[in-house]
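**Q** Have a look at this one before I ask anything.
Every number in this text was worked out from the coordinates using simple rules, so none of it is lab data. Quick caveat: nothing in here was measured; it's all calculated off a predicted structure. All Cβ positions, glycine included, derive from the backbone under ideal geometry; neighbour counts span all protein chains shown.
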Amino acid sequence: MTQPVSNCPNCGGKIVFQWSSSVQTVCQYCKSILVRTDVDLKKVGQVADLPPDSSPIQLNTEGIYRNKAFVVGGRILYEYDLGGWNEWHITMNDGTSAWLSDAQNEFAVSFASNTSGLPAAGQVQVGQQYSWNNQNYTVSVITPAHYRGVEGELPFQYWDKTDVTFADLRGQTGKFATLDYSDEQPALYLGEFVEFDDLKLKNLRSFEGW
Amino acid sequence: MSAGTPPLSNPPKPQAKALNCPHCGAAITLRALGHAETVVCESCNSILDAKDPNLQILQTFQVITGEDRPLIPLGTRGKLRGTDYEVIGFQRRSITVEGIRYSWHEYVLFNPYKAIRYLTEYNGHWNDISVCRELPIVQFAAASYLGEVYKHFQSSDATTNFVLGEFPWQVRVGEHAAVTEYVKPPRVLSAEKTDNEVTWSLGEYTYGSDIWKSFNLPGSAPEAVGVYENQPSPVSENVKGIWSTFLAFAILLLVFMAAFDLISNKGTVFESSYRLNTGEPKGEASFVTDVFNLEGRTSNVEVTTSANVSNSWIYLNYALINQDSGQAWDFGREVSYYYGSDSDGSWTEGSTKDSVVIPSVPAGHYYLRIEPEVDAAHAPISYSVEVKRDVPVLGFFGIAFLALLIPAIAITWRSISFERARWSESDHPPIQIGNTE
């Protein structure tokens, strides 16, 4: 895996890309949000301090999903009525990009799907059924959430958000789907719930006393 | 942090965040880091917003002093399913059925790496509970989850009466939830419906003694009272086993019976008929039969007496005598048969036939000495005596059969009683037999 090195255009700190396909990263020193252009890094924004967070996952946490090793490169933090959750961006050892979500220590792994013809935000209602990749999914809840911040490397530009909407769909045997309405074009993620112990996570955050 | 200068040393972080109650000033301990939504002040019973740095007061409630101390104190750590958990919250909830309030306790368990778990306790019955990831499918009076079918047990309206410590949701005293429970012992599947969401959870029955061991609690767990909705029956698992054992042994017995029947001679070795005339003096009628031969291994001898008694009796003093050794087996048999009718209809008593089996008679030459006794005013009685060698004794098999059947029935009965006790507390009580409570 290539690890291009550059410097932060804001503070001059060293920026190392763990994953060659990263589009965006956050300078770990000055918290500038940096976007890769053809020639250099451009500062597009600034991350305010992230709220105190309880996720046991952190940047560079490593794990195994379906016999493939992965490493955590970045995250998007969201908040909604009942708390916050993290979408950790992970890269598998074969270069695949995926998401490890952590909502109050309930973990799930999902992959972006390039399915077209997704329902528009106004069309989705609880109870509706959709079928993707030969799996049936039922809309269980539509969650209005707030974008709260980003950290590390991401596979796309994601920083100028406020309110976003997600539709959660349940399939069978732990399968789920998420319709992400944070951009003009809806995005679909298909995944499944996973056991913390099954992920064999290493380099976890440590909690005093535990 | 600035570039290139790593911090010299990290100051020790406090294990739990120390704060003060904005209502009474008492110290508030936050154990669940960012997981707590609300925290309750133990001193003044204010429910505080755990996400707010100023711990904004959300609700205060009144409690009766000395009530509702958690059996597992907040902050206690224990190991459940291989994971360490700390008790961070405690609440009492209740339902009211037919004017009677039933209360139970719930404990919130925290581990920074794992999802929140819960323990519930009612009358010494414990459940280890986790939130379901998949939605169970409800059909009629059942719910299926992960391939198991759970039977509907009870639907009720649960009210939160008392809270203590931290909760990963917005807890309030007086809050209602519609609770529907489905059971498949030792598990219980519950749906809790509030205004805006339905949460499904799965509980597994846990013995108080195991909780005491897990959390290293002093003393012993309170005795469990009655039968709980998802308590595993101490006998139901044995019921199938005992009946298959019974079946296996019954077949074995039948095989043995057939084998004994085959190897038995059942041969009649002596048969003769006699007549006792009216007025014949008793006591002088003693006589001996012809000699007959008993062959083969040491085995039993069956002596059958048939008499044409009719509302009368005959008593026979027998002696089976070995001609060679003089060894004798004395026994007395009565043949009597009575019949008639009274206000209850016709009746009969006794039989015109009697059989007795004498065990362990060696081979040899034998004869019978017979001494009949009858009523002085008897009518003439004809009787016959038949001697059979080596008859199969099936009574033993009957006893063995009963010895197997009785425990099977007893265990089945206990299992049925246990299930009746379980379901009598549900929305689907079993039909009462005999009384109407």
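**Q** Counting DSSP beta bridges with both partners in the protein assembly as shown, what percentage is antiparallel, nearest 5?
**A** Details: 208 of 208 bridges.
Percentage antiparallel, nearest 5: 100.
**Q** How would segment A:38-135 be classified by its alpha-carbon gyration tensor: rounded, prolate or oblate, with rounded meaning a/c under 1.5 and the a/b versus b/c comparison settling the rest?
**A** Numbers: a/c = 1.39, a/b = 1.26, b/c = 1.10.
Rounded shape, in that the Cα axes give a/c under 1.5.
**Q** Which loop-located GluC sites (Glu not before Pro) does segment B:72-165 contain, where loop means any DSSP state but H, G, I, E or B and the Cβ has at most 12 other Cβ atoms within 10 Å? Walk me through the numbers before you get to the answer.
**A** Values: sites: B:Glu86, B:Glu98, B:Glu106, B:Glu121, B:Glu134, B:Glu148; in loops: B:Glu98, B:Glu134.
Here the sparse-neighbourhood loop sites are B:Glu98.
**Q** Continuing with this model, one more query. Would you list A:Glu151, A:Glu106, A:Glu208 from fewest to most Cβ contacts within 10 Å? It would help to have the intermediate numbers written out before the result.
**A** Details: A:Glu151 24, A:Glu106 16, A:Glu208 11.
Ordered by Cβ neighbours within 10 Å, fewest first: A:Glu208, A:Glu106, A:Glu151.
**Q** Continuing with this model, one more query. Most exposed first by the Cβ proxy, i.e. fewest other Cβ within 10 Å, how do B:Asp128, B:Asp52 rank?
**A** Working: B:Asp128 21, B:Asp52 11.
Lowest to highest Cβ neighbour count: B:Asp52, B:Asp128.
**Q** Moving on to the next point. Going Cα to Cα from A:Lys42, which lysines come in below 23 Å? Please leave out same-chain ones fewer than 8 positions away.
**A** Partners within reach: A:Lys14, A:Lys31, A:Lys161.
**Q** By how many degrees, 0 to 90 and rounded to 10, does the Cα axis of helix B:236-263 deviate from the longest principal axis of chain B?
**A** Relative to chain B, helix B:236-263 is tipped by roughly 20 degrees.
**Q** Pick out, in residue order, every one of the trypsin sites (Lys or Arg not before Pro) in segment B:152-208 that is DSSP loop and has at most 15 other C-beta atoms within 10 Å; say none if there are none. List each step's numbers first, then the result.
**A** Numbers: sites: B:Arg172, B:Arg187, B:Lys193; in loops: B:Arg172.
Within segment B:152-208, the qualifying trypsin sites (Lys or Arg not before Pro) (loop, at most 15 other Cβ atoms within 10 Å) are B:Arg172.
**Q** For helix B:395-424, report the angle its Cα long axis makes with the longest principal axis of the Cα atoms of chain B; keep it between 0 and 90° and round to the nearest 10°.
**A** Roughly 30 degrees between the two axes.
**Q** Rounded to two decimal places and with Rh computed the Kirkwood way over Cα pairs, what is Rg over Rh for segment A:5-46? Spell out each step's value before the answer.
**A** Values: Rg = 9.0 Å, Rh = 10.0 Å.
So for segment A:5-46, dividing Rg by the Kirkwood Rh gives 0.90.
**Q** Using a Gaussian network model of chain B with C-alpha springs under 10 Å, which one of B:Ala50, B:Ala26, B:Ala143 is most mobile by mean-square fluctuation?
**A** Most flexible of the set in this elastic network: B:Ala26.
**Q** For peptide A:196-209, what's the mean number of Cβ atoms from other chains within 10 Å of each residue's Cβ? Don't jump to the answer; show the numbers that get you there.
**A** Details: counts 5, 4, 0, 0, 0, 1, 0, 0, 2, 2, 2, 6, 7, 8.
Mean shielding count: 3.
**Q** Rounded to whole Hz and in sequence order, give me ³J(HN,Hα) for segment B:331-337 from the Karplus expression 6.51 cos²θ - 1.76 cosθ + 1.60, θ = phi - 60°, writing x for Gly and Pro.
**A** Running phi through 6.51 cos²θ - 1.76 cosθ + 1.60 with θ = phi - 60° gives 7, x, 10, 10, 10, 9, 9 Hz.
**Q** Can you give me the three principal axis dimensions of the protein assembly as shown from its C-alpha atoms, in Å, biggest first?
**A** Computed over the Cα atoms, the extents are 138, 60, 54 Å.
**Q** Take the alpha-carbon centre of segment A:134-204, take the same for segment B:256-275, and report the distance between them in whole Å.
**A** Rounded to whole Å, the Cα centres lie 86 Å apart.
**Q** Classify segment B:299-417 as rounded, prolate or oblate, taking a ≥ b ≥ c as the square roots of the eigenvalues of its Cα gyration tensor: rounded when a/c is under 1.5, otherwise prolate if a/b is larger than b/c and oblate if not. Write down the numbers at each step before the final one.
**A** On the way: a/c = 3.68, a/b = 1.22, b/c = 3.02.
Cα axes put segment B:299-417 in the oblate bin.
**Q** Restricting to lysines 8 or more places apart or on different chains, can you count the pairs in chain B with Cα atoms under 17 Å from each other? Don't jump to the answer; show the numbers that get you there.
**A** On the way: B:Lys17/B:Lys51; B:Lys79/B:Lys114; B:Lys79/B:Lys213; B:Lys151/B:Lys184; B:Lys184/B:Lys240; B:Lys266/B:Lys388; B:Lys353/B:Lys388.
Taking chain B as the scope, the lysine pair count is 7.
**Q** For segment B:50-203, what is the relative contact order in percent, using Cα pairs closer than 8 Å and at least 6 residues apart in sequence? Don't skip to the end; give the middle numbers.
**A** Values: 284 pairs, mean separation 27.3, N = 154.
About 18 percent, as a whole number.
**Q** Additional query: Loop only by DSSP, 14 or fewer other Cβ within 10 Å of the Cβ. Give me the GluC sites (Glu not before Pro) in segment B:284-348 that pass, ordered by residue number.
**A** Details: sites: B:Glu284, B:Glu295, B:Glu302, B:Glu334; in loops: B:Glu284, B:Glu295.
Here the GluC sites (Glu not before Pro) that fit, given the DSSP loop and packing criteria, are B:Glu284, B:Glu295.
**Q** Another question about this same structure. Radius of gyration and Dmax for chain B's Cα atoms, expressed in Å?
**A** 39.9, 135
**Q** Name the shape class, rounded, prolate or oblate, that the alpha-carbon gyration tensor gives for segment A:113-210, where a ≥ b ≥ c are the square roots of its eigenvalues, rounded holds for a/c under 1.5, and otherwise prolate holds if a/b is larger than b/c and oblate otherwise. List each step's numbers first, then the result.
**A** Numbers: a/c = 2.05, a/b = 1.32, b/c = 1.55.
Taking the square roots of the gyration eigenvalues as a ≥ b ≥ c, segment A:113-210 is oblate.
**Q** Show the residues, 5+ positions off or on another chain, whose built amide H is closer than 5 Å to the amide H of B:Val269.
**A** Amide H neighbours of B:Val269: B:Val387, B:Lys388, B:Arg389.
**Q** May I pose another question? Going by C-beta contacts inside 10 Å, put A:Leu190, B:Leu254, B:Leu164 in order with the fewest on the left.
**A** Numbers: A:Leu190 19, B:Leu254 12, B:Leu164 23.
Fewest-to-most ranking of A:Leu190, B:Leu254, B:Leu164: B:Leu254, A:Leu190, B:Leu164.
**Q** How large is the helix-only mean residue ellipticity at 222 nm for chain B, computed as the sum of -39500 (n - 2.57) over DSSP H runs with n ≥ 4, divided by its residue count, in deg cm²/dmol to the nearest 500?
**A** Working: 3 runs with 65 residues, N = 437.
Helices in chain B give a 222 nm mean residue ellipticity of -5000 deg cm²/dmol.
**Q** I would also like to ask the following. Averaged over B:111-119, how many beta carbons belonging to a partner chain fall within 10 Å of each residue's beta carbon?
**A** Averaged over the peptide's residues, the number is 5.
**Q** Using Cα pairs closer than 8 Å and at least 6 residues apart in sequence, work out the relative contact order for chain A, in percent. Don't skip to the answer; put the middle values down first.
**A** Values: 462 pairs, mean separation 43.0, N = 210.
Computed value for chain A: 20 percent relative contact order.
**Q** Please check chain A for the longest run free of trypsin sites (Lys or Arg not before Pro) that are loop-located per DSSP (anything but H, G, I, E, B) and have at most 12 other Cβ atoms within 10 Å. List each step's numbers first, then the result.
**A** Values: sites that count: A:Arg66, A:Lys200.
The answer is A:67-199.
**Q** Follow-up. How large is Rg over Rh for segment B:45-89, taking Rg from the Cα atoms and Rh as the Kirkwood inverse mean of 1/r across Cα pairs?
**A** On the way: Rg = 14.4 Å, Rh = 13.1 Å.
Radius of gyration over Kirkwood radius for segment B:45-89 works out to 1.10.
**Q** Okay, next question. Show me the three semi-axes of the equivalent ellipsoid for chain A, from the C-alpha gyration tensor (sqrt of 5 times each eigenvalue), largest first, rounded to whole Å.
**A** Working: eigenvalues 157, 82, 60 Å².
Its equivalent ellipsoid spans semi-axes of 28, 20, 17 Å.
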